[in-house]
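Worksheet for the structure shown next.
The values are calculated or read from the model by the stated rules, or taken from the named source; none is laboratory data. All values reported here derive from a predicted model rather than from experimental measurement. A quick note on method: Cβ atoms are made from the backbone with ideal geometry, for glycine too, and the neighbour counts reach across all protein chains shown. Please note that ligands, DNA and RNA were not included when accessible areas were found on the heavy atoms of the full protein model with its side chains. Shrake-Rupley method; radii C 1.70, N 1.55, O 1.52, S 1.80 Å.
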Amino acid sequence: MPRLHLTVWVLPALVFCQPSPPPCKLRLGTNLGGIFDYGTEVPFVDLMKCARLWYTKAVGDYDTWDTGQASYLSYDADGYPTQIPQTSPHDSRPQYVCTFWAVTDSWEPGTYTLLWEGDGDFEASGPIRNWQRINDSTITFEFPDTRGAQLQLCITRSNPANRVRNLRLIMPGHSQTYRTQPFNPRWLTWVTKFHAVRFMDWGHTNDWGQSDPWTIDPNRTFDWSERSKPSYYTFTHSKGVPYEYMVKLMNDYDLDGWVCIPHSASPDYIRQMARFFRDNLEPDRHLVVEFSNEIWNGIFGQAQWLGLRYNCETQGGTQFWPECLVPAIQQALDIWTQEFQGQLHRITRTVGMFTSFLDASRRIAYNLRPESFDAVSPAYYFGIGEESDSILDQLGALATVSYLAQLVRRDRAQHEWVWIRQIVDSIALPLGKKVYFYEGGQHITPIPFGAPSTYDQVLLDIQRDTAMYNLYVENYEYLKSIHRGQEPWWLMNFTLVWNRSAQYGSWGLLEDLRQDTTLIPAPKLSATLRYLNACPRSTYLPASPIGQTAGCFSLTISSESTVRIPSSTSSCVSVQRVGIYDLAGRCVASFPLAEKKELSLNQLPTCAGFICLQEESGPCCCGFFSR
């Protein structure tokens, strides 16, 4: 007679999770624009954070814009001159420093407030009025019409015994709140519509730590003490926005993020960076981690630096390219893996793909240790090829938007869509990796990039035309059609706000933050919002925590289809509950833990999935089951 087995857990004891809607196939995020004085994204209410690096003027010389002496003056650790005026060994005239904003279209009209510490004097030039010194640390002025304007600000005197420091230029209405609420509300309106943000340009990943892409010292690495710091006078320098602001944006506005490890960071820098995000990012926030950006792209300093440092054949060395790049990627991923041990569900370790060069992408991905990364990252751009560029050059001003769109569709079907499918089928699927697109959108620019063309006007016109909306919708639909797996693909739009340029690309979904889309169409934004609204944040579950915790214990299943649940494992510190997850990583049931208890598989609300021990921060150890 069969033995009657009574399980302790009965159906009423289960607390079923709220049913989840069908998973969305595309999870849309955006790259944030770089911090430049000519940028139109303007994320901070303190505009000194996007001020140009100091340049110099000579006292009494009103004709010379820049005397070129800035690098010869002395500064404190935060970039402020130790005194003004100063003399330079290369110019006997007394020098003072200035900064500049070349584009102010996204600035709000109104009353601006200049704040500082120390003893000094200032002057400004631009379409401003009512310049008033309120006290020893405050000046206000009116900036009534910011569109098409520029602004110069100079420190004309700084007392060496009490130098000017902590300089801030605050937007109208934020002088009382900028410390705790540093982000521009108009910018936040758009950013918070997305699921995630990529900080590649915020962190000045391209040419990081270099004065330009071609001044290369392959023996120079940077330690953690040399990172970008919040107290520095501007963030337009070569290391970009400090990590503190990235974490604050993610934590305060419930955004997931994507960070790029600087190419010339020392091992200790990489370790300290991992610890900083591990210890300061809220547990519910998910972080994608990538080594640098486009390390194959020779226009960027990181490609040059890595080629020289790792003796790559592309820089005259003896090591095969791109295999020579693998040690740098592997080292960075390994350090982050070590620092997030036991918490790997909080991060996704991704590897950038050379989308148009399948062989190079394969030779990188297949030479990394498979367990050391979770995802591969191609791009999802579309544009025109050389043949189409030649056709358009012959047409010149006669080229039309409809014909340009026709050429884009032809080239995209023959090139970009083929390349993406190859990355998915030849790398992601065989290796069992997720697909996280690092950048994408329209890339409709002349060839070669940065060259003037005869058809500049149509490149500008298509950015505001319905044809662009259709091109974006078609691109999103194609990506949905080739989607594989249970987890949504991340698509990181490039970029959120940037002005139009026929020569250098019209990258922004918006041209500037104050764009009135009822007057100036924004078709790229409209198409992207269509997919964001179809899959708003609430329809997404957090990135699946199962991948890094699955298989850390084996479930013992009896002949009566009951499973014994362990009360603890070495991977968990303080187990509180047990969760049942389906194969997509969605929680379908949860209940309090009781030691040495058994659960009938017939009670489970899914036929196959994972039983996970849960700490307060989420699953810490999971075992697979099926019935």
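Here are some notes:
- Of the residues making up the stretch 272-303, those that are charged (D, E, K, R) and either surrounded by fewer than 22 Cβ atoms within 10 Å (Cβ to Cβ) or more than 14 Å from the chain's Cα centre (by Cα) (or both) are R275, R278, D279, E282, D284, R285, E294.
- R168 open to solvent by 60 Å² or more (accessible area, probe 1.4 Å) and modelled with pLDDT of 95 or more: no
- Scope the stretch 455-494; condition over 21 Å from the mean Cα position of the chain (by Cα), over 17 Å from A405 (Cβ atoms) and among the charged types (D, E, K, R); matching residues: K480, R484
- The lone exception for Y112 - which of (1) without any contact (Cβ under 8 Å) to a residue 60 or more places away in the chain; (2) assigned to a strand (DSSP E or B); (3) within 26 Å of D78 (Cα to Cα) it fails: (1)
- Residue in the stretch 116-135 that is in contact (Cβ under 8 Å) with a residue 24 or more places away in the chain, closer than 22 Å to R514 by Cβ and in contact with a Ser or Thr (Cβ under 7 Å, 6 or more places away or on another chain) present: no
- Any pair with Cβ under 9 angstrom, 6 or more apart, that starts in the stretch 604-627 at a residue that is open to solvent by 20 Å² or more (accessible area, probe 1.4 Å) and ends at one that is of a type in the set (F, W, Y) and modelled with pLDDT of 70 or more: T606/Y581; F610/Y581; F624/F610
- Criterion violated by P94 - all others in (1) crowded, with 16+ Cβ neighbours inside 10 Å; (2) not in a loop (DSSP other than H, G, I, E, B) satisfied: (1)
- Residues in the stretch 423-478 that are within 19 Å of D374 (Cα to Cα) and either in contact with a strand residue (DSSP E or B) (Cβ under 8 Å, 6 or more places away or on another chain) or buried (at least 19 other Cβ atoms within 10 Å of the Cβ) (or both): I423, V424, I427, A428, L431, K433, K434, V435, Y436, F437, Y438, E439.
- Taking the criterion of being open to solvent by 20 Å² or more (accessible area, probe 1.4 Å) and farther than 19 Å from M250 by Cα, the residues of the stretch 340-354 that qualify are Q341, G342, G352, F354.
- Residues in the stretch 121-139 that are closer than 17 Å to A51 by Cα and of a type in the set (G, A, S): A124, S125, G126.
- Within the option set W305, W296, being farther than 12 Å from V247 by Cα and part of a loop (DSSP other than H, G, I, E, B) holds for one residue only, W296.
- Being among the aliphatic types (A, V, I, L, M), more than 30 Å from Y253 (Cβ to Cβ), crowded, with 16+ Cβ neighbours inside 10 Å and at pLDDT below 95 is a description that does not apply to L73.
- Scan of the stretch 477-510 for residues that are within 17 Å of L429 (Cβ to Cβ), assigned to a loop (DSSP other than H, G, I, E, B) and polar (S, T, N, Q), ordered by number: Q486
- Listed by first and then second residue, the pairs with beta-carbon distance under 8 Å, at least 6 apart or on different chains, first residue in the stretch 236-257 and free of Cβ contacts under 8 Å to residues at least 12 places away in the same chain, second open to solvent by 20 Å² or more (accessible area, probe 1.4 Å), form an empty list.
- Residue match in the stretch 149-165 (condition: touching a residue at least 12 places away in the same chain (Cβ under 8 Å), open to solvent by 20 Å² or more (accessible area, probe 1.4 Å), closer than 30 Å to S377 by Cα and in a loop (DSSP other than H, G, I, E, B)): no
- On inspection, V408 qualifies as open to solvent by less than 70 Å² (accessible area, probe 1.4 Å) and out of contact with any Lys or Arg (no Cβ under 9 Å at 6 or more places or on another chain).
- Within the stretch 240-286, tally of residues that are within 22 Å of W187 (Cβ to Cβ), in contact with a helix residue (DSSP H, G or I) (Cβ under 6 Å, 6 or more places away or on another chain) and not in a helix (DSSP H, G or I): 4
- Filter pass, G547 being at pLDDT 75 or above and either assigned to a loop (DSSP other than H, G, I, E, B) or loosely packed, with under 15 Cβ neighbours inside 10 Å (or both): no
- Residue among P262, P267 that is within 22 Å of G307 (Cα to Cα) and open to solvent by 30 Å² or more (accessible area, probe 1.4 Å): P267
- Of everything in the stretch 304-328 that is of a type in the set (V, I, T) and modelled with pLDDT of 95 or more, the residue that is farthest from the chain's Cα centre (by Cα) is T318.
- Residue that is surrounded by the most Cβ atoms within 10 Å (Cβ to Cβ) [pool: residues in the stretch 171-203 that are of a type in the set (A, V, I, L, M) and assigned to a loop (DSSP other than H, G, I, E, B)]: M200
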